[in-house]
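Participant: Below is one structure. I have some questions about it.
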Amino acid sequence: MRPVYHVIVSIGLSGLMVYWFRSWAAGVSCLLSGILIDLDHHLDYLFIRKKFPFRYRQLLDYCEKDPRWRPYLIFHSYEFLLLFWMSIYYFRLNEIWIAAALSASVHLICDQTVNPFKPLAYFFIYRFKHGFERKEILSDDHSDGVF
C-alpha cells in the first residue's frame, strides 16, 4: 500500500482514537505508529545499500527493481505485532500504546490485502525460512518485483 493511503487511513483511525479514548496523545500515537511502521523499508535499504534513501523514488526503485532487495521488514510481521499486543497486556500499558498497536495492526492488514505478497509472507518466520527471496515472498504474478 502506498504511503499516502497509510496516511489517510492513519488520520481516520487517529480521529477514532481521540474520540474513543478522549486522548489527543492516543490519537498522535496512532497516527505516528501507522506511518512510522514503514521505517523498516528504509532499514532494509540501509542494510543492503549502506546509505539512507532520502527520496521515496529511491526506495520504490529498490523494492521494485533491485535484485538485491530482501524484504526483512521486521515491523511488518505478525510475530512483532503479537509481541507488541502481549507487552501491552502483560505490562498493562495505557491507551497510547493500545492506539499504536491498533494502528500497526490496521497497517499490516491493509498491506496484507493490497500488496502482492504471498499469504504467509507477513510472517517473519516464513520470510526467514525462504531466505527473504523475492520469488518466495511475492505472489507468482509479481515475482519480478513490480508492485
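Participant: Take the stretch 61-85 and flag every residue that is in contact (Cβ under 8 Å) with a residue 24 or more places away in the chain and among the aliphatic types (A, V, I, L, M).
Facilitator: Leu73, Ile74, Leu81
Participant: Let me ask you something else. In the list Arg92, Arg134, which residue meets the criterion of being of a type outside the set (Phe, Trp, Tyr), more than 15 Å from the chain's Cα centre (by Cα) and within 22 Å of Val28 (Cα to Cα)?
Facilitator: Arg92
Participant: In the stretch 4-41, what residues are surrounded by fewer than 14 Cβ atoms within 10 Å (Cβ to Cβ) and either in contact (Cβ under 8 Å) with a residue 12 or more places away in the chain or touching a Cys at 6+ places or on another chain (Cβ under 7 Å) (or both)?
Facilitator: Residues satisfying the conditions are Tyr5, Val7, Gly15, Leu39.
Participant: Do any helices (runs of 4 or more DSSP H) lying entirely in the stretch 91-146 carry at least 3 residues that are not basic (Lys, Arg), and which ones are they?
Facilitator: Ranges flagged: 95-114, 124-129.
Participant: Next up: Give me a count of the residues in the stretch 2-59 that are charged (D, E, K, R), out of contact with any Phe, Trp or Tyr (no Cβ under 9 Å at 6 or more places or on another chain) and not in a loop (DSSP other than H, G, I, E, B).
Facilitator: 1
Participant: State all residues of the stretch 68-79 that are surrounded by 19 or more Cβ atoms within 10 Å (Cβ to Cβ) and either part of a helix (DSSP H, G or I) or of a type in the set (Ser, Thr, Tyr) (or both); if no residue qualifies, say none.
Facilitator: Residue satisfying the conditions is Ser77 alone.
Participant: In the stretch 109-130, which residue that is touching a residue at least 60 places away in the same chain (Cβ under 8 Å) and of a type outside the set (S, T, N, Q) is nearest to His76 (Cα to Cα)?
Facilitator: Looking at the filtered set, the residue picked out is Asp111.
Participant: Are any residues in the stretch 23-74 more than 12 Å from the chain's Cα centre (by Cα), under 24 Å from Leu120 (Cβ atoms) and among the hydroxyl-bearing types (Ser, Thr, Tyr), and if so, which ones?
Facilitator: Tyr45, Tyr62 - these are the residues of the stretch 23-74 that are more than 12 Å from the chain's Cα centre (by Cα), under 24 Å from Leu120 (Cβ atoms) and among the hydroxyl-bearing types (Ser, Thr, Tyr).
Participant: Pick from Val9, Val106, Val18: which is aliphatic (A, V, I, L, M), closer than 24 Å to Ile137 by Cα and either touching a Gly at 6+ places or on another chain (Cβ under 6 Å) or at pLDDT 95 or above (or both)?
Facilitator: Val106
The values are calculated or read from the model by the stated rules, or taken from the named source; none is laboratory data. What you see is a predicted model; the values in this text were computed from it and never measured. All Cβ positions, even for glycine, are placed from backbone atoms using ideal geometry, and neighbour counts span all protein chains on display.
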